[in-house]
1. Met38 passes all but one of (1) within 17 Å of Gly2 (Cβ to Cβ); (2) open to solvent by 90 Å² or more (accessible area, probe 1.4 Å); (3) modelled with pLDDT under 85; which number fails?
2. Can you name every residue in region 8-17 that is farther than 10 Å from Asp50 by Cβ and either assigned to a helix (DSSP H, G or I) or of a type outside the set (Asp, Glu) (or both)?
3. Just give me the residues in region 18-32 being assigned to a helix (DSSP H, G or I), of a type in the set (D, E, K, R) and free of Cβ contacts under 8 Å to residues at least 24 places away in the same chain, in sequence order.
4. Scan region 3-33 residue by residue and report those that are open to solvent by 90 Å² or more (accessible area, probe 1.4 Å) and closer than 18 Å to Leu88 by Cα.
5. What are the residue pairs meeting all of these: first residue in region 82-97, first residue more than 13 Å from Glu27 (Cα to Cα), second residue of a type in the set (A, V, I, L, M, F, W, C) and at pLDDT 85 or above, Cβ atoms under 6 Å, and 6 or more apart or on different chains?
Amino acid sequence: VGVLQSILREEQTQENFSRRLPFRYLEISRSLLTLSEMDQPDAVRILVQDISTVRMDKIRNNLHSLSEQALGSNETLPVIDVTGIGSLEMATIAPFCTKAFQHHLFLSRPEPSTIKKKLTTVGLSPATNGAGVESSAGESRVRRRFR
């Protein structure tokens with residue numbers, strides 16, 4: 001219980017995720033709570049839930065700051081350090097992040113006429129796809145992803 005309390009304090013005070021927890025800390029704690037007899041199972045359960053809640057709040061705050069900083073612009077996206085994130089936390093946010101970044105890529109890419117104009121300006125001719133329609137390699141790559 002004492003170690004979990006110190007990890008909870010660490011999670012609450014530090015910006016980064018605690019590296020003292022194993023990757024599958026939630027699965028391990030659930031297994032231990034169901035399979036073994038502990039002195040204070042309710043206290044352990046509450047502490048693990050509190051740690052999980054604080055970590056999910058950190059993830060939400062990071063995603064919110066990411067959207068405020070970069071998703072409104074065409075600049076490169078900043079890197080968010082998720083070292084120490086747990087497996088269930090990752091599984092929780094993965095579908096949202098995947099879809100959000102796909103939408104950002106789709107919305108931030110330039111129009112085909114802009115790409116053609118830029119290529120012509122630098123002395124290159126746009127590539128043609130199999131149907132004889134001019135397109136850039138990036139545009140066709142994006143189209144393949146959304147099929």
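1. (2)
2. Pass one, region 8-17, residues farther than 10 Å from Asp50 by Cβ: 9-10, 13-17.
Across region 8-17, the qualifying residues are Arg9, Glu10, Thr13, Gln14, Asn16, Phe17.
3. Filtering region 18-32 for residues assigned to a helix (DSSP H, G or I) gives 25-32.
The next check asks that each one be of a type in the set (D, E, K, R); those that pass are 27, 30.
Once the filter is applied, which keeps residues that are assigned to a helix (DSSP H, G or I), of a type in the set (D, E, K, R) and free of Cβ contacts under 8 Å to residues at least 24 places away in the same chain, region 18-32 yields only Arg30.
4. Answer for region 3-33, where residues must be open to solvent by 90 Å² or more (accessible area, probe 1.4 Å) and closer than 18 Å to Leu88 by Cα: Arg19, Arg20, Phe23, Arg24, Arg30.
5. Pairs found: Gly84/Phe17; Ile85/Phe17; Ile93/Ile59.
The values are calculated or read from the model by the stated rules, or taken from the named source; none is laboratory data. Just so it is clear, the structure is predicted and the values come from calculations on it, not from any experiment. With ideal geometry, Cβ positions are generated from the backbone for all residues, glycine too; neighbour counts draw on all protein chains shown. All accessible areas refer to the heavy atoms of the entire protein, side chains included, with ligands and DNA or RNA removed. Shrake-Rupley method; radii C 1.70, N 1.55, O 1.52, S 1.80 Å.
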